[in-house]
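Okay, structure first, notes after.
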Amino acid sequence: MSTTGLNSLEKKAAFSLATVFGLRMLGLFMILPVFAIYGVDLIGYSPIWLGLAIGAYGLTQALLQIPMGMLSDKFGRKPVILAGLVVFLIGSIVAATSDTIYGVVLGRAIQGMGAIASAILALAADLSREEQRPKVMATIGMFIGLSFTVALVAGPIVAQYTGLSGLFWFIGILTILAMLMIQFMVPNSVNKSPRGDNVALPSQVRSLISHPQLFRLNWGVFTLHMALTACFVVLPRQFVASGLPLEQHWQLYLPTLLGSFFLMVPFMIMAIKKQKEKQMFAAAILLLTIALTLLWLLPNSLTMLIVMMVMFFTAFNYLEATMPSLLSRIAPAGVKGSAMGVYSSSQFFGAFLGGLFGGTIESLFDEHAVFLVMAFFALSWFIIALGMKPLKKSKSFSFSMNITDEAQAAKIADQLINMPGVIEATLVPSEAVAYLKVDDKQVDLAQIKQLLKN
């Protein structure tokens, strides 16, 4: 079996799980570009309730992400994923059949209760070797980014022909497709990955929340998704006011998103080839802050909105793509699952507060004030990010071992940490597993495996 590329099982797992994740996120994102327009016709409409409808899924996602991962560890990945998709389908039906803003808020909250992200990532880890796991995770991340792009383009088109109710029914159909893929296309788990590295454990969460470097990322993803959700409480109406009908919004989103992907390339080249990761990360946050500030300051001409959207999404896409990689390198060896659980909860909680703050600020002041408040949050992130430590290039691996004695494990850990290329080593005798963070350009993996088998 080749260790240099994905085998057939890993390719099937990567594509099928990435598609399921993408379909799921597509259903959550499609409401963003249209709800600020269609939501005003619902009984009980107010800016605050509209914001809650957009962000409600984030609260239940944030609360249930870690528990659902733990349930998947106990009852199996696929049963929990299927159950989560059923819950998401119920939420879509509730929203589709509601003619009040309150019913849509309830439906969106139920959608969020189907928090399957951690279970999908854990299943992806179960179905891949540690050497190939980053490629599988990268595939899933790529599909999440693609789903966001497709959602912003497809949402206005679907809503134009089906209305808001039809949009939720369409989301329900996508959910059924995801359920069929889980049942018939996703391979059954053939191995059990170590728990701590792939599933969040409550005992580890508190220490990870206070971890100074991880806090910078958690605050960042919280701020990023809060700003995104808050902006979409008001942006679609601004596009209409500037002369662009809703059914033509996809003509703005498509070139804007494609342009932002093109423009983020220089950030990536500078970060990777020039080894300026910290500087480019901070520059992207600063660009986000400037875009939000200009949205507050400048008049809403269509041309200016397009320019500022390109700036916003160039920063957003770079930061969204970069932070999971940074997280995997900063997280202590053996607790990546818990670190990702805190990170995901921060992301979804930010989405919830973005909707709530967006609606509240608009109702108390005006829609432009939303951008000003989000610019202040982005500025706080920029200041916090300046304290990031330089990152070492590293990869995380987990190895099975024959060591079950604590004293022997401590002795072996000392030997490992003194080997060339080993940055961090954590041995867990109770699970017969070793977690290592290494520089793969220097480390001798064969020597490590041999040491752990003795």
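All of the numbers you see were taken from the coordinates with simple rules; none came from a lab. If you're wondering where the values come from, they're calculated on a predicted model, not measured in any experiment. Don't worry about glycine lacking a Cβ; one is built from the backbone with ideal geometry, like all the others, and counts go over all protein chains shown.
Side notes on the structure shown:
- A simple charge model with +1 on the Cβ of Lys and Arg, -1 on the Cβ of Asp and Glu and nothing else charged puts the dipole of the chain at about 1080 debye relative to its Cα centre.
- For the chain, relative contact order (Cα pairs under 8 Å, six or more residues apart, normalised by length) works out to 22 percent.
- Approximate spin-label separation S8-V86, in nm, with each point projected 7 Å along Cα-to-Cβ: 3.3 nm
- Cβ-Cβ distance of D439 and S210, R₀ of 35 Å, FRET efficiency by 1/(1 + (r/R0)^6): the value works out to about 0.85.
- Tail fraction, Cα-Cα pairs, the chain, threshold 38 Å, whole percent: 23 percent
- Once the Cα gyration tensor of region 60-132 is diagonalised, semi-axes √(5λ) in Å: 29, 10, 10
- Per-pair calculated FRET efficiency, R0 = 60 Å: L297 and D99 via Cβ, rounded to 0.05: 0.95
- Per residue, the convex hull spanned by the Cα atoms of region 15-94 measures out at 101 cubic angstrom.
- Fewest-first sequence of L451, L356, L85, L177 by Cβ atoms within 10 Å of each Cβ: L177, L451, L356, L85
- With the charge dipole of the chain set up from +1 on Lys and Arg Cβ and -1 on Asp and Glu Cβ about the Cα centre, the Cα lying farthest toward the positive end among the listed residues T60, F365, L9 is that of L9.
- Once the Cα-Cα distance is subtracted from the 0.36 nm per residue extended length, the S46 to A432 segment shows a gain of 133.4 nm.
- Per-residue ellipticity at 222 nm computed for the chain from its helices equals -25000 deg cm²/dmol, with DSSP H segments shorter than 4 residues left out and the rest contributing -39,500 (n - 2.57).
- Burial order of peptide ranges 374-386, 401-413 (average beta-carbon count within 10 Å, highest first): 374-386, 401-413
- Full-stretch length increase - K74, M304 - with 0.36 nm per residue and alpha-carbon distance subtracted: 77.6 nm
- Dipole check for region 31-146: with +1 at the C-beta of Lys and Arg, -1 at the C-beta of Asp and Glu, and the Cα centre as origin, the magnitude is about 280 Debye.
- Working from Cα pairs under 8 Å separated by at least six residues, relative contact order for region 395-453 is 44 percent.
- Two-site label geometry, Q248 and S203: point separation in nm, points 7 Å out along Cα→Cβ: 6.1 nm
- Spin-label model, D405/Q447: points 7 Å from Cα along the beta carbon direction are separated by 2.5 nm.
- Förster radius 41 Å - calculated FRET efficiency between I417 and T162 (Cβ-Cβ, nearest 0.05): 0.10
- Take 203-212, 39-48, 340-349 and order them by the average number of nearby Cβ atoms within 10 Å per residue, most first; the result is 340-349, 39-48, 203-212.
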